[in-house]
Structure formats: C-alpha cells, structure tokens
1. Determine the per residue accessible area of segment 61-179 with all protein chains present and a 1.4 angstrom probe, expressed in square angstrom.
2. Distance in nm between label sites at residue 169 and residue 63, each 7 Å beyond Cα in the beta-carbon direction?
3. When the Karplus curve 6.51 cos²θ - 1.76 cosθ + 1.60 is applied with θ = phi - 60°, which whole-Hz ³J(HN,Hα) does each residue of segment 251-263 get, with x for Gly and Pro?
4. Where the accessible area of segment 113-181 is counted over protein heavy atoms with a 1.4 Å probe, how much of it, in %, is carbon and sulfur?
5. In segment 170-225, if the dipole is taken from +1 on Lys/Arg beta carbons and -1 on Asp/Glu beta carbons about the Cα centre, which of 177, 197, 218 is farthest to the positive end?
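The values are calculated or read from the model by the stated rules, or taken from the named source; none is laboratory data. Here the structure is a predicted model, which is why all the values come from computation and not from measurement. Quick reminder, even Gly has a Cβ in these numbers, built from the backbone with ideal geometry, and neighbours come from all protein chains shown. What goes into the accessible areas is simple: the full protein's heavy atoms, side chains included, and nothing from ligands, DNA or RNA. Shrake-Rupley method; radii C 1.70, N 1.55, O 1.52, S 1.80 Å.
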Amino acid sequence: MEFRPLEQGKRADCKPSGPVWPEAVDVSRMSLPELRERLGLIKRAEARLAAMKTAALAAYADRGGEGLARRMALEELQASKQQARREVETASQLSQVAETLDALGAGEIPEAHAKQIAKAASQGPVDEAVLVEAARHEDFGTFSKTLRDHQHEQSGDDGKSLMAKQRERRSFRFFKSPDDGMFVVNGRFDPVAGNRMEAALADEVRRLANSSNDGDQTAFDQRMADALENLVCADAKDRKPQGTTLILTADWDALNQKLADARLLDGTPLPVSEALRLACNADIVPSVFDTKNQELWVGRKYRLATEAQRAALIIRDKHCIGCGRSAVWCEAHHIEEWLTGGRTDIDNLVLVCKSCHHNIHDDGWTVNRNRNGTYELRPPPAPYSDSQSVHARCGPSPPTAEAAYPRSGGKLKTQARGNSNLAA
C-alpha cells in the first residue's frame with residue numbers, strides 16, 4: 001500500500017475556516033430551523049475531523065510504515081484490527097484524491113461520500129471534479145447511483161472491466177462464533193450474483209410463509225435464515241433446484257437496431273454483453289405491455305396480481321413506494337380496495353413491503369399519485385406529527401422512481417425470464 005504525502009496548504013492540514021466541533025448547547029430550547037442548522041454544522045465538523053484524521057494517518061504511514069499506522073489506530077482510535085486496517089486503507093485512498101480531500105477538509109462533502117470517491121478512484125478512472133460536485137448536493141443513495149453510472153461510463157468498455165473487478169473481489173466467510181457457538185455468514189458478491197441470490201431468497205421466504213401457520217410471529221431476519229438453510233440444505237431427491245427471478249431492462253436503439261443501457265433492477269449498469277449472456281437460457285418478453293399481449297387489466301377476474309402484472313409493477317415502481325425496500329420483497333396492493341369493488345388492474349396496483357402494507361391497512365396511510373406518474377405513501381394527518389414519515393418503520397427511502405409504468409407506449413425495454421440464469 002503506497003501513501004502520497006498530503007500537499008501543504010490543503011484544507012485538511014490547515015486551520016478550518018469554522019469550528020472543528022460545535023459548541024455544546026441545550027437543544028431542547030432550539031426551534032426546528034435552529035436544530036436543522038445545527039445538524040448542518042455537525043455534518044461539516046465531522047467532515048473536517050475526518051479529513052484531519054486522514055492526514056494524520058497518511059503522514060504516520062508515510063514516515064513509519066503501514067503497520068505502525070495500524071498500530072496507532074488500534075491504540076489511539078481504540079479500533080478493532082479490522083477497523084484499523086480499514087482506517088489506514090481509507091487514508092491511503094483519500095491521499096490520492098486531492099480535490100476530494102480538499103472538499104472534505106472544508107466540510108463541503110460528507111465523509112461517506114468522500115470515501116466512496118476515493119475507493120472508486122482506486123479501482124479505475126474517474127472524473128474527480130464531477131463526483132465532488134455531485135457529492136456536495138446529493139444524498140448518499142442518490143450519490144451511490146451517480147457514482148456507479150460514472151464508473152460505468154468512464155470504464156471505456158461498457159462496464160466489462162468494472163464488473164470483472166467486482167467479480168474478483170467476491171468473498172464468503174462461514175465460521176463458528178466463539179462467543180455463543182452460533183455460525184456466522186458474511187459475504188460480498190458482484191451485482192448479478194447478488195441480485196440472483198436476493199431473488200432466490202425472496203421466493204423461498206414467500207414459499208415458507210405460504211406454507212406456515214406462524215404468520216407474522218416470526219421475525220424477518222429469522223425467516224431469511226430459514227430460507228437460506230432450506231435453499232442450501234434442500235434434499236435434491238425431494239425438491240427441484242431453486243430457480244431465480246432476475247429482471248433486466250434495456251433501451252432499444254432503433255437507429256442501430258441493438259440493445260443499449262442495460263441495467264439490473266436496482267439501477268446498476270450492466271454491460272450489454274453480460275445481459276445477452278444471461279439471456280441465452282432465458283425467455284425474453286417485451287415489457288411494453290398492453291391489453292393485447294399481457295393480462296394487465298383483469299378487472300374482478302382475479303383478486304391477486306398475475307405474474308405479468310407483478311413483473312410490470314416491478315419495472316414500473318422499482319421498489320416499495322413507501323420505504324424503498326427492494327421490489328423482490330414487495331406485495332401488490334390495491335389502491336381502491338378489492339373488498340370495496342377495486343379492480344385488479346395495473347393502474348390500481350402498487351408495490352409495497354409488508355410493513356408499509358400494514359401502515360396502509362392498520363394505520364390509515366394512503367397511496368398518492370404524483371404529477372410525474374410515480375406513487376408514494378402519505379401518513380394520515382393525525383395523530384402523527386409533521387415530522388413523522390413512512391421511514392419510522394422501514395428506514396430511509398431512495399430517490400423517487402423515474403416514471404410511472406404506462407398503460408401503452410413508452411420506451412421499449414426487455415424483460416428476461418428463466419430458471420437458473422435469468423427470470424422475471
């Protein structure tokens with residue numbers, strides 16, 4: 001691991017233009033605008049401290065070596081061995097991106113954004129100025145997508161080299177904890193493998209839920225553990241191999257008569273060559289659905305969403321419209337309730353996770369259609385306060401989906417379906 005000494009005059013080494021840490025105050029007496037301003041001050045202070053820590057670790061490693069820098073992180077930062085290794089590695093990466101470190105030291109970008117830029121720069125070519133500017137005003141989820149798209153564009157080979165590097169970094173750990181004798185699983189997988197595994201787990205969780213009498217009594221993480229155990233330990237004599245559900249979308253370049261801008265469901269760019277490889281053993285179904293070729297408007301014929309409707313909802317909504325949970329874990333909800341005459345039509349259905357579904361049926365949350373055609377959940381006016389949101393149960397939400405799914409027309413995309421390689 002090679003360190004580059006920080007240049008003199010960088011803001012990380014200079015006295016900050018504002019306080020390094022905020023003065024202690026009684027926040028209970030602050031108004032909401034004052035609290036918001038204070039949070040902004042805390043963010044800037046954390047960024048400046050992170051830059052100062054990076055400068056100190058980089059200088060220590062430059063003079064005493066990486067091993068000594070890790071030892072200092074262990075002793076002075078009271079970090080674990082793994083944390084110390086990551087701290088020194090991050091300092092090394094940040095020392096190579098001067099503009100990013102400069103913005104971090106000025107408190108202009110959050111530490112997490114700076115770390116992402118530094119890591120990306122260590123993996124391949126990036127335009128640092130473009131990324132720093134995006135980091136100044138984008139939240140973490142939006143910036144992560146911006147960064148992935150940027151890396152894909154900068155790769156120069158439709159992202160093939162980037163995916164190959166991601167594949168090289170795959171890892172899996174399975175060990176028995178000395179604390180309680182439980183086994184621990186920890187792994188990292190490339191986007192294609194990760195999406196396939198998530199889809200397989202989601203399918204197995206639904207299968208177990210349908211065949212169990214436990215209902216909602218079993219915690220979600222326990223259902224996940226049961227699903228993984230079943231998938232890994234299934235008796236091949238009794239059960240067929242578990243298939244996977246993986247949806248890819250791609251624009252059709254009518255001028256050149258070829259696919260372009262292939263992506264996984266979560267928006268991760270995919271080399272077209274990889275999309276074609278996955279589709280070799282899959283069924284390809286155009287996803288410009290209408291009443292002539294897909295049953296997307298079935299009225300009162302069925303209560304539950306059809307397979308075609310679920311695929312269309314996944315492509316349209318992309319995730320839970322309330323909390324942003326991955327679409328593979330979501331259920332189809334009737335906007336106008338089935339019991340009150342609602343129809344099982346694509347324009348009367350939205351994707352929601354189980355928790356957000358409970359928000360709707362138990363707590364009075366409602367589905368709202370935005371002007372751009374996307375959907376979102378809104379809380380009832382009372383007894384909730386203005387500050388409470390859908391994230392109370394499900395966590396933060398990613399950016400709103402790009403556009404609503406049209407009844408007919410729109411961009412031509414492809415949806416691939418199959419067993420072991422690709423399905424929808």
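1. Per residue, segment 61-179 has 55 Å² of solvent-accessible surface.
2. Placing both labels 7 Å along Cα→Cβ, they lie 3.1 nm apart.
3. My calculation for segment 251-263 gives 6, 9, 7, 5, 5, 9, 6, 7, 6, 8, 6, 6, 9 Hz in order.
4. Reported share for carbon and sulfur atoms: 50 percent.
5. 197
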